[in-house]
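What follows is a short report on a single structure.
The values are calculated or read from the model by the stated rules, or taken from the named source; none is laboratory data. As the structure is a prediction and not an experimental result, all values here were calculated from the model. Heads up, the Cβs are rebuilt from the backbone with ideal geometry, glycines too, and the neighbour counts pull from every protein chain shown. The area values use the complete protein model at the heavy-atom level, side chains included, leaving out ligands, DNA and RNA. Shrake-Rupley method; radii C 1.70, N 1.55, O 1.52, S 1.80 Å.
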Amino acid sequence: MSAQAYAKVAPYARHVIRLLLKPESLREMTEATSLAEALTALPENLYPGLREARTRREAEIAVWRGYLDVVSKAVKLSPKHSRTAIGLYRLLEEARDVLVLAEASRAGRALEALERLPTAQVEGSPLAELKGEVEALQSPQRLAEAVEDKFLRGVLESAISFEQRAGVPGALLFYYAPFTARAASEAIASLPSMERGLYSRVTCPRILYIVVAGLVGAKDRGLDARLLDEAFQGVSVCGLKWGDVRTVYEREPDPQSLASSLSHLIPGWRVEGSVAEILESARRASRLESRRRALNAIASYPFQAGFVVAVLELARLEAEDLTSLIGALSLRLKKEEYAPRLSVQIA
């Protein structure tokens with residue numbers, strides 16, 4: 001594809017880059033005496049209303065609304081041949097949120113979840129439309145009937161079916177891993193061959209983290225390899241082939257051993273300690289790798305889908321960092337307690 005195809009989205013992507021916060025701004029947030037002071041001092045950014053926010057909830061809503069608006073604008077301005085690939089960043093958010101909401105409905109916390117799930121804060125989104133629909137939030141099954149978006153309804157119905165076959169409470173959330181793998185594979189395949197390499201390099205750290213974390217969690221819950229076959233059958237994305245992974249999954253006796261056998265998929269991943277510690281290490285390592293690859297992709301300003309998603313990846317990492325900082329400041333945590341979770345150094 002020619003550079004002309006990206007003539008609309010490239011200027012917008014450069015605008016987004018300009019508004020990304022510098023590490024110094026995040027560092028200054030940690031030195032504020034209150035959340036309101038930290039937010040007020042922020043420079044111009046991607047999040048309308050963030051500097052005026054006075055509570056944790058207001059700030060988090062501003063962050064996620066701003067990020068999702070960036071994704072939506074990038075998709076609209078991109079050439080038609082790349083919209084499926086670039087739209088993956090919105091699709092993954094919506095699918096995760098609907099699964100989390102379904103699990104929350106089972107625990108009687110759906111209304112609470114709707115107040116904090118990112119995509120539920122966007123006016124007109126499938127989850128935002130559910131606010132006030134008390135009956136629809138009573139169970140995963142009722143939620144599936146109420147979701148008007150056909151694609152998300154299909155995701156939820158597949159997840160419910162998977163959980164029923166598994167017979168393990170909470171297995172519904174595991175379905176996010178195979179969904180992500182398949183969605184990413186379709187996104188890559190939708191691009192012209194010349195654009196797939198860069199796009200994959202940028203998106204794969206996030207995709208692999210989601211899938212590997214899901215598999216380690218599934219092993220911890222005792223899900224049988226035969227149960228995973230239907231969900232993962234034929235998956236081959238980002239160097240991960242289900243046929244090979246299935247053999248490893250079945251062979252390893254515990255989640256720690258499985259993590260060790262899959263450690264090559266996430267550079268810098270520490271696989272010692274508890275399952276929670278291993279997954280936190282995987283998250284941290286994948287985020288650092290995502291930032292490195294996104295910055296490398298942006299450096300040459302290639303007119304490809306990979307350039308656009310590199311900008312979206314940096315925006316997503318920033319939204320995560322801001323959310324962590326907002327929560328830490330609200331709880332008055334010490335810097336050493338939350339700094340390691342960030343994708344940038346603020347020490």
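Observations
- Criterion applied to Ser281, Ser274, Ser286 was being out of contact with any Asp or Glu (no Cβ under 8 Å at 6 or more places or on another chain), more than 23 Å from Val70 (Cβ to Cβ) and touching a residue at least 12 places away in the same chain (Cβ under 8 Å), and the one residue passing it is Ser281.
- Within region 19-35, none of the residues are farther than 16 Å from Asp321 by Cβ and part of a helix (DSSP H, G or I).
- Figure legend. Inter-residue proximity from region 3-30: first residues within 30 Å of Met194 (Cβ to Cβ) and touching a residue at least 40 places away in the same chain (Cβ under 8 Å), second residues among the charged types (D, E, K, R) and assigned to a helix (DSSP H, G or I), beta-carbon distance below 7 Å, spacing 6+ or different chains. Indicated pairs: Tyr12/Lys73; Leu20/Glu318.
- Between Arg221, Arg226, Arg246, the distinction of being open to solvent by 70 Å² or more (accessible area, probe 1.4 Å) and in contact with a helix residue (DSSP H, G or I) (Cβ under 8 Å, 6 or more places away or on another chain) belongs to Arg221 only.
- Within region 54-94, the set of residues being surrounded by 22 or more Cβ atoms within 10 Å (Cβ to Cβ) and either hydroxyl-bearing (Ser, Thr, Tyr) or not in a helix (DSSP H, G or I) (or both) comprises Tyr67, Ser78, Ser82, Tyr89.
- Of all residues in region 95-115, those being in contact (Cβ under 8 Å) with a residue 12 or more places away in the chain, of a type in the set (Asp, Glu) and open to solvent by 10 Å² or more (accessible area, probe 1.4 Å) number 2.
- Just one residue in the set Leu191, Leu208, Leu198 is of a type in the set (A, V, I, L, M, F, W, C) and crowded, with 23+ Cβ neighbours inside 10 Å; that residue is Leu208.
- Residue in region 249-256 that is open to solvent by less than 70 Å² (accessible area, probe 1.4 Å) and closer than 18 Å to Ala159 by Cβ present: no
- For region 25-53, a tally of residues being under 14 Å from Glu318 (Cβ atoms) and open to solvent by 90 Å² or more (accessible area, probe 1.4 Å) returns 1.
- In region 118-138, the residues that are free of Cβ contacts under 8 Å to residues at least 24 places away in the same chain and closer than 21 Å to Gly108 by Cβ form Cβ pairs under 9 Å with partners that are open to solvent by 50 Å² or more (accessible area, probe 1.4 Å) and of a type in the set (A, V, I, L, M, F, W, C), at six or more places apart or across chains, as follows: Lys131/Leu111; Val134/Leu111.
- Restricting the search to helices (runs of 4 or more DSSP H) fully inside region 118-213 and requiring at least 3 residues that are more than 30 Å from Ala305 (Cβ to Cβ) and of a type in the set (A, V, I, L, M) gives 140-146.
- For the criterion of being in a helix (DSSP H, G or I), out of contact with any strand residue (DSSP E or B) (no Cβ under 7 Å at 6 or more places or on another chain) and of a type in the set (Lys, Arg), Arg293 passes.
- Of all residues in region 295-304, exactly one satisfies the criterion of being buried (at least 20 other Cβ atoms within 10 Å of the Cβ) and touching a Lys or Arg at 6+ places or on another chain (Cβ under 9 Å), namely Ala297.
- Residue count for region 160-182, restricted to those that are open to solvent by less than 10 Å² (accessible area, probe 1.4 Å) and modelled with pLDDT of 95 or more: 4
- Scope region 254-271; condition without any contact (Cβ under 8 Å) to a residue 40 or more places away in the chain and of a type outside the set (Gly, Ala, Ser); matching residues: Asp254, Pro255, Gln256, His264, Pro267, Trp269, Arg270, Val271
Rundown of residues vs (1) under 17 Å from Glu94 (Cβ atoms); (2) not small (Gly, Ala, Ser), yes/no style:
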{"residue": "Leu111", "(1), (2)": "no, yes"}
{"residue": "Ala128", "(1), (2)": "yes, no"}
{"residue": "Val147", "(1), (2)": "yes, yes"}
{"residue": "Arg153", "(1), (2)": "yes, yes"}
{"residue": "Gly167", "(1), (2)": "no, no"}
{"residue": "Gly170", "(1), (2)": "no, no"}
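- If the condition is being surrounded by fewer than 16 Cβ atoms within 10 Å (Cβ to Cβ) and under 18 Å from Gly222 (Cβ atoms), then region 262-274 contributes only Ser274.
- Subset of region 219-253 [of a type in the set (Gly, Ala, Ser) and touching a strand residue (DSSP E or B) at 6+ places or on another chain (Cβ under 9 Å)]: Gly243
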